[in-house]
Amino acid sequence: MNSVLARAMSLRRGMFVTIARLALALAALSATVSANAETGYDAWLRYTPVEGRPARERYSSLPAVVVALGDSELVAASQAELIRGIRGMLGRTLRIAKDVPAEGAIILGTYKEVAVVVPSLGKTPQLPPEGFWLKSLVADGKSHLIITGPTDRGVLYGAFTLLRMIGLDAPITELNLRDKPFAPIRILNHWDNLDGTIDQGYAGRSIFWENGQITKDLDRVRDYARLMASVGINGCSINNVHTDTRVISTKLLPEVARVADVFRPYGISLYISLDFASPSKLGDLATSDPLDPAAVEFWKNKVDEVYTAIPDLGGFVLKADSEGRLGLSEHNRSHTDAANIIAKSLEPHGGILFYRGFDYDHHWDSTDPKNDFAKALYDNFHPLDGKFADNVILQIKQGPIDFQVREPASPIFGGLTQTNQAIELQISQEYLGQQRHLCFLPPMWKEVLDFDMKADVETRGARSNTPVKDLASGITFKRTLGGFVGISNVGRDTNWLGHQLAMANLYGFGRLAWNPNLESKQIAEEWTRLTFGHDPKVVGTIVDMLIKSWNIYESYTGPLGVGTLTDINHSHYGPDIESAENNGSGYGHRADDKGIGVDRTEKTGSGYIGQYSTPVARVYESLESCPDDLLLFMHHVPYNHVLKSGKTLIQHVYDSHYEGAREADRLVRNWQSLKGRIDEQRYQEVLADLTYQAGHAQVWRDAIANWFLRKSGIADDGKRVGNHPHRIEAEAQELTGYEPQDVTPWETASAGQAAALTAKDGRGSIRHKFAGKPGWYDLDVVYFDENDGVSKFKLFVGDQQVDEWQADDVLPHDQPSGHTSTRHRTPSIALREGDVLRIEAESDAGEQAAVDYLEITPAGA
């Protein structure tokens, strides 16, 4: 361990002697397991009873007494968690003993502490500070279960691992389990603002901030700390990287320290995001120039003040010089100038600076093919390799763009040999359906983490076996620090992330940060069993849904590495294909009437591919060897280019979008097969989310397919694109109080138009006379659920009302668009020729009760 981290951990071990140990134990005794029923709040720490006689007998030898040695808050928290978990899962309340009793016990403590009371423990394994050892041991005729490690953090992780094993019905007799984290850094970033809002947060308001200060009730923060610790996360920043300088003000520091107090018993180091311009904004200085003596003095004094309030602060997160932030380029300084001056102030306190490497010019000329957003990180930071201070970690996004549905591993991972790195993964689904669409992310993360950069090592010759996970963790070049950063953005929604199944991503990040060699399917199965139980049908179905979900989302949004086809300028949610071009931010797909894709080759393009090592670059440079799933990221190719599948590119675009929408529908049916096997509340919530996703996948399908049909002029071999025999355009029907309205962008509405309610009294109707054969039909109404009102709809067949609903969703736009397009399905209506279908609507506030189309299909088709 490097000296910076060692000093930090020593400080934390020695400074805080627990005064809350008894309180934690009493809390464990009095806590009601699943007090929130099955809302999703308890996540994977539900601690529900193990099922069946064999499972109960499996744990019959578990000692009845638990002993926590020493005076550490973390060990006391471990004891409290064991009491809580074992009572919930096994129905037994462990007895608390101060000393080892005259019977077997679960003994918690560090190596040194356990060796005193159990001398026969013998030689302890060589583990890093946060490693642990679970050991069954007979001493003096008594059977003990030892949970130990070099430090109290290791003890905490060992306790949670034991509980996970019981929750997964794993055997715990004759235990001799040793485990350690893959990397020293495993932290979460939150993009929470002091007013309680969250940038790219999709599950309600901040759990940390409210009205400019730390929220008064920190119980939810405490439960979040438990969730983090249970999967080995050891740090958390609590404010936006686009930060407010007040967070380190003298007034707010005591408030922020309250969060550190809650984190501390669970081994979570608090981090704070800084504003580069703090010397001028907060210190009233004339400049924030990092080399100005007054600014240097400001940072030294302010860092000292912060550590006086929070002596075990992990450090800071800093983002400078991108997306319009006031940064170092204003002063003609380098990134190392900005980072190192703060790092120097942190060094005496053992603190770490995460320098977020997201730096680009958002006003460049994107019509110049040599300008390439993907190149920016390497171009900016590769010349600075070896110039950052030892306690600076360059925080690097997994890919070179911005959390797209598929990107290659960022070449900078292999390009830095003397700089601490950490890989940044986004748990919050910014470009990936924003937790309204199911998208299990570990398979995507694994593709990057396992990718062999063939980095130059020692001999400076290309060498294999340098995967990103090793490079980011500091293993390959023997760096002092490194690891994993997750953008979490949980909120106050009961189930933390808004979608019950999205919690698999938070769990998955923690498990991969601890051990990136785990397989995605193992992670999915663990999470499902801990969250929904052991029913084989439930486990098999949910695991299958999770594992397939990323590819499903990719197929109906942006396949072949084309990147975002969403609204890049605003909410990053619904389709808006042209927004990515010519917007100054460097995103793009370069689609024209001949082809699509960004030429990033060395020979004819931007040269981005040349940032990789020679063996990797050789694969990407050639059309023949470049993998199809990254083809459009690396090359501009004609629509008739033949993929390795034998399909033309344009036909793949059409087919993938139709297949993806169909698979999204199948997710609904798969979930419906679990009715009665899952508690009703969570079943209904997930069903509603998947049903919405299936409708929105169709919006994506039609928008992308129709846009490319118009752009390329090449028809779909399947004759599906632009051909909708069951579709009835709302604007073409008999309208009362409604008028046709163009929708922007045009591809996000069928035929580019909708019917919008414009009557002054806010009431109107749409009528259609059915001319089909008698039978049972499903009726879809696709409408626009804007976020500026709650419109009401009623559906009639003749004079009989057959359905009603409200446009009360919270979607990210106040106009008809691909963001707000929503499908409502009324199943199994008996229709006869001549029946008049009528939608009666009532608009609200600014919402126009706009309707795109009706679709009538045979029931269950």
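The values are calculated or read from the model by the stated rules, or taken from the named source; none is laboratory data. Here the structure is a predicted model, which is why all the values come from computation and not from measurement. When we count neighbours, we look across all protein chains shown, and the Cβ atoms used for this are built from the backbone with ideal geometry, even at glycine. The area values use the complete protein model at the heavy-atom level, side chains included, leaving out ligands, DNA and RNA. Shrake-Rupley method; radii C 1.70, N 1.55, O 1.52, S 1.80 Å.
So the values come out like this:
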| item | result |
| --- | --- |
| Other-chain or far-sequence residues with amide H under 5 Å of residue 636's (modelled H) | 599, 600 |
| Folded to 0 to 90 degrees: helix 219-230 orientation relative to the chain principal axis, Cα | 80 degrees |
| Surface accessible to a 1.4 Å probe, residue 276 within the full protein complex, Å² | 10 Å² |
| Karplus-derived 3J(HN,Hα), 6.51/-1.76/1.60, for each residue of segment 516-526, Hz, glycine and proline x | x, 7, 5, 8, 4, 5, 4, 4, 4, 5, 4 |
| Long-range amide H partners of residue 235 with built H, under 5 Å | 186, 188, 269 |
| Within the chain, helix-based [θ] at 222 nm, where runs of 4 or more DSSP H residues each add -39,500 (n - 2.57), nearest 500 | -9500 deg cm²/dmol |
| Cα gyration tensor, segment 251-348 - rounded (a/c under 1.5), prolate or oblate | prolate |
| Accessible-area value, residue 824, 1.4 Å probe, nucleic acids and ligands omitted, Å² | 40 Å² |
| Probe 1.4 Å, all protein chains present, accessible-area order of 317, 116, 619, largest first | 116, 619, 317 |
| Solvent-accessible surface ranking, highest first, for 280, 473 at 1.4 angstrom | 280, 473 |
| With all protein chains modelled, accessible area of residue 179 [1.4 Å, Å²] | 50 Å² |
| Amide H within-cut-off set for residue 829, under 5 Å, with H built and near neighbours excluded | 777, 778, 779 |
| Net charge of neighbours whose Cβ lies under 12 Å from the Cβ of residue 448, counting Lys and Arg as +1 and Asp and Glu as -1 | -1 |
| Rough spin-label spacing in nm, given labels placed 7 Å along Cα→Cβ, for residue 622 and residue 773 | 5.5 nm |
| Segment 542-584: chymotrypsin sites (Phe, Trp or Tyr not before Pro) in DSSP coil with no more than 10 other Cβ atoms inside 10 Å | none |
| Carbon + sulfur, % of accessible area of the chain - ligands and nucleic acids excluded, 1.4 Å | 49 percent |
| Anisotropy class of segment 164-233 from Cα gyration tensor, a/c 1.5 cut | prolate |
| Phi-based couplings in Hz for segment 428-438 (Karplus 6.51, -1.76, 1.60; Gly and Pro marked x) | 5, 8, 4, 9, 10, x, 6, 6, 8, 10, 6 |
| 0 to 90° range, to nearest 10: angle between helix 253-263 axis and the chain longest Cα axis | 80 degrees |
| Interatomic Cα distance distribution for segment 561-677, bins of 5 angstrom, percent | 2, 10, 16, 19, 16, 15, 10, 5, 4, 2, 1, 0 |
| Kirkwood-type radius of the chain, with distances r between different C-alpha atoms, in Å | 29.0 Å |
| Whole-Hz ³J(HN,Hα) from phi, Karplus 6.51 cos²θ - 1.76 cosθ + 1.60, for segment 790-803, glycine and proline x | 10, 6, 10, 10, 10, 10, 10, 10, x, 9, 9, 6, 10, 6 |
| Local net charge near residue 309, Cβ-Cβ under 12 Å (Lys/Arg +1, Asp/Glu -1) | -2 |
| Sequence of 635, 652 when ordered by accessible area, the most exposed leading, probe 1.4 angstrom | 652, 635 |
| Net charge of neighbours whose Cβ lies under 9 Å from the Cβ of residue 331, counting Lys and Arg as +1 and Asp and Glu as -1 | -3 |
| DSSP loop trypsin sites (Lys or Arg not before Pro) with at most 11 other Cβ within 10 Å: longest gap in the chain | 479-602 |
| Cα pair count fraction exceeding 22 Å, expressed as % - segment 760-845 | 31 percent |
